[in-house]
């Protein structure tokens with residue numbers, strides 16, 4: 001049976017007060033605070049849940065990296081870790097000398113080197129929603145498709161499309177599908193990069209927007225397009241003010257090869273460290 005994790009939680013706050021002068025006592029000009037409020041991550045394999053934990057207090061020797069396979073490796077109890085998504089990593093340099101690097105090694109889950117830690121330093125990466133895919137082989141991408149049907153009764157005006165926090169420029173409405181698609185694609189290319197999101201369709205009622213399978217953010221994170229309409233006589237997905245697209249095909253991120261390990265290396269001697277990783281079985 002898998003290792004059981006009780007009451008996983010996350011609570012991070014980083015804050016900075018920026019003063020108007022070098023000396024103390026000046027009025028605060030700006031305050032920047034980044035906060036990940038305490039999250040009680042319940043047991044499960046959905047967004048912001050955990051059912052595949054890994055933790056170790058260990059050492060790493062220069063020239064002999066510490067590497068754990070988050071898919072097929074085993075924990076301290078001998079249980080297979082079995083992560084399909086890695087959602088959080090926290091590493092602390094527990095020694096008094098030397099440096100450690102987090103995230104290097106062969107086919108790493110999070111890409112190449114993520115952080116270099118001095119004595120007492122720490123590294124945190126949190127992606128509780130989507131997570132980093134853990135895979136022992138290639139995965140073919142699946143392009144996401146969002147339906148955005150339009151109904152026209154002699155309409156005119158304009159609208160914008162918002163997706164993942166980015167809003168396009170104004171799009172002039174046309175009841176001619178080819179003209180409308182051209183206008184939408186011009187706006188999508190300007191906002192999201194050429195070809196990353198593409199509108200198509202043979203009729204107003206069959207208008208869709210497709211993401212690029214090889215572009216991670218447009219298929220793994222997902223999301224709907226929200227239209228804000230300034231005009232009359234037409235609707236987008238049934239709304240004359242703020243229509244929202246409907247997912248017809250959920251995207252899957254393309255993965256070119258194996259990415260299933262987490263590695264810690266040291267630059268000299270033997271360096272103690274602590275590592276906690278949260279993940280999901282789906």
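Could you please let me know if residue 180 is within 19 Å of residue 247 (Cα to Cα) and buried (at least 18 other Cβ atoms within 10 Å of the Cβ)?
no
How many residues does segment 184-203 hold that are more than 21 Å from the chain's Cα centre (by Cα) and either at positive phi or buried (at least 20 other Cβ atoms within 10 Å of the Cβ) (or both)?
Residues in segment 184-203 being more than 21 Å from the chain's Cα centre (by Cα) and either at positive phi or buried (at least 20 other Cβ atoms within 10 Å of the Cβ) (or both): 4 in total.
If you take the residues of segment 132-176 that are free of Cβ contacts under 8 Å to residues at least 24 places away in the same chain and farther than 15 Å from residue 186 by Cα, which of them is nearest to the chain's Cα centre (by Cα)?
This residue is 165.
Just name the residue that is farthest from the chain's Cα centre (by Cα) out of those in segment 119-131 that are touching a residue at least 60 places away in the same chain (Cβ under 8 Å) and outside any loop (DSSP other than H, G, I, E, B).
Step by step, filter segment 119-131, then rank; the result is 124.
Look at segment 81-114 and say how many of its residues are surrounded by fewer than 16 Cβ atoms within 10 Å (Cβ to Cβ), modelled with pLDDT of 85 or more and in contact with a strand residue (DSSP E or B) (Cβ under 6 Å, 6 or more places away or on another chain).
Residues that pass the stated criteria total 0.
Among residues belonging to segment 162-177 that are part of a strand (DSSP E or B) and either crowded, with 19+ Cβ neighbours inside 10 Å or not assigned by TED's automatic domain parsing to the domain that holds residue 229 (or both), point out the one that is modelled with the lowest pLDDT.
Among those residues, the one meeting the criterion is 163.
Do we have residue 159 as closer than 15 Å to residue 226 by Cβ, in contact with a strand residue (DSSP E or B) (Cβ under 8 Å, 6 or more places away or on another chain), at pLDDT below 95 and buried (at least 17 other Cβ atoms within 10 Å of the Cβ) here?
no
Does at least one position in segment 247-254 carry a residue that is over 25 Å from residue 141 (Cβ atoms), at pLDDT 90 or above, surrounded by fewer than 21 Cβ atoms within 10 Å (Cβ to Cβ) and out of contact with any helix residue (DSSP H, G or I) (no Cβ under 6 Å at 6 or more places or on another chain)?
No - not one qualifying residue is present in segment 247-254.
The values are calculated or read from the model by the stated rules, or taken from the named source; none is laboratory data. What you see is a predicted model, and the numbers here were worked out from it, not measured in a lab. Positions of Cβ are generated from backbone atoms using ideal geometry, with glycine treated the same way; all protein chains shown enter the neighbour counts.
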